[in-house]
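K.L.:
Please find one structure pasted underneath; my questions will follow.
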Amino acid sequence: MAKLILATISENVIVDSQSNMISIINVVERINTSNVPSLYPWIFLTSVWQREEENIDKPEPISFRIRIKYKSGKIAGKAPAFNGEMPAKIKKFRTMIKIQGIPIEEEGFMEFLIEKETKKKNKSLWKTVSTIPIEVRKVKNS
């Protein structure tokens, strides 16, 4: 089973074509906005997953989704789940997902919840494996 070992939210991600190394550009820790509610144009969620089991001879399915939890407890985000597969012989797997139109509904901290799907008796169960807090501040236009 794959385990999430890194998750970050940024404004951009660059993958070097020669080395395949990634550069995570402008990590988002705070969003300043003049209007609440509003939409933040886009973010990138970069995640790195690692196998926990030694059996790497078979591909491993991986499914996770992202939801937003606001300070009030309201949960938003009906984005479809990411359904992929960690190829055989690969110990680490990374994703870079561009999410457009992030709803900013409240001031204060909002959390991006990364939830991993597990299946038990043909039933999907979602477990939060990471949270990324981002502060939302309302600022005056200058």
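K.L.:
Kindly provide the set of residues from segment 119-130 that are in a strand (DSSP E or B) and either exposed (fewer than 12 other Cβ atoms within 10 Å of the Cβ) or among the charged types (D, E, K, R) (or both), ordered by number. Full working, then the answer.
P.N.:
Looking only at segment 119-130, we keep the residues that are in a strand (DSSP E or B), and these are 119-120, 123-130.
Listed by number, the residues that qualify are LYS119, LYS120, LYS123, SER124, LEU125, LYS127.
K.L.:
Taking segment 1-57 on its own, how many of its residues are in a strand (DSSP E or B) and either at positive phi or touching a residue at least 12 places away in the same chain (Cβ under 8 Å) (or both)? It would help to see each step written out before you state the result.
P.N.:
Quick first cut of segment 1-57, residues in a strand (DSSP E or B) only: 2-15, 22-27, 30-33, 38-51.
From the residues that got through so far, the ones that are either at positive phi or touching a residue at least 12 places away in the same chain (Cβ under 8 Å) (or both) too are 2-13, 15, 22, 24-27, 30-33, 38-51.
Here the count works out to 36.
K.L.:
Take ASN20 and tell me if it is in contact with a strand residue (DSSP E or B) (Cβ under 6 Å, 6 or more places away or on another chain) and surrounded by fewer than 10 Cβ atoms within 10 Å (Cβ to Cβ).
P.N.:
On the way: in contact with a strand residue (DSSP E or B) (Cβ under 6 Å, 6 or more places away or on another chain): no; surrounded by fewer than 10 Cβ atoms within 10 Å (Cβ to Cβ): yes.
Taking the combined requirement at face value, the residue does not satisfy it.
K.L.:
Within the group ALA76, ALA81, which residue is at pLDDT below 95 and out of contact with any Pro (no Cβ under 8 Å at 6 or more places or on another chain)?
P.N.:
Details: ALA76 fails: out of contact with any Pro (no Cβ under 8 Å at 6 or more places or on another chain).
Every option except ALA81 fails the conditions.
K.L.:
Just give me the residues in segment 64-94 being over 20 Å from ILE9 (Cβ atoms), assigned to a strand (DSSP E or B) and not hydrophobic (A, V, I, L, M, F, W, C), in sequence order. Spell out how you get there, then give the answer.
P.N.:
Residues of segment 64-94 over 20 Å from ILE9 (Cβ atoms): 72-73, 83, 85-91.
Okay, now just the ones that are also assigned to a strand (DSSP E or B), so 83, 85-86.
If the condition is that a residue be over 20 Å from ILE9 (Cβ atoms), assigned to a strand (DSSP E or B) and not hydrophobic (A, V, I, L, M, F, W, C), then ASN83, GLU85 are the ones that fit.
K.L.:
Output the residues belonging to segment 46-62 that are surrounded by 13 or more Cβ atoms within 10 Å (Cβ to Cβ) and either charged (D, E, K, R) or touching a Phe, Trp or Tyr at 6+ places or on another chain (Cβ under 7 Å) (or both).
P.N.:
TRP49, ARG51, GLU60, ILE62
K.L.:
Can you say whether GLU85 is within 19 Å of GLU29 (Cα to Cα) and among the acidic types (Asp, Glu), as far as the supplied structure shows? Before you say what the answer is, go through the steps one by one.
P.N.:
On the way: within 19 Å of GLU29 (Cα to Cα): no; among the acidic types (Asp, Glu): yes.
Spelling it out, it is not the case that GLU85 is within 19 Å of GLU29 (Cα to Cα) and among the acidic types (Asp, Glu).
The values are calculated or read from the model by the stated rules, or taken from the named source; none is laboratory data. This one's a predicted model, so the numbers in the text were calculated from it and none came from an experiment. Cβ: placed from backbone, ideal geometry, glycine included. Neighbour counts: every protein chain shown.
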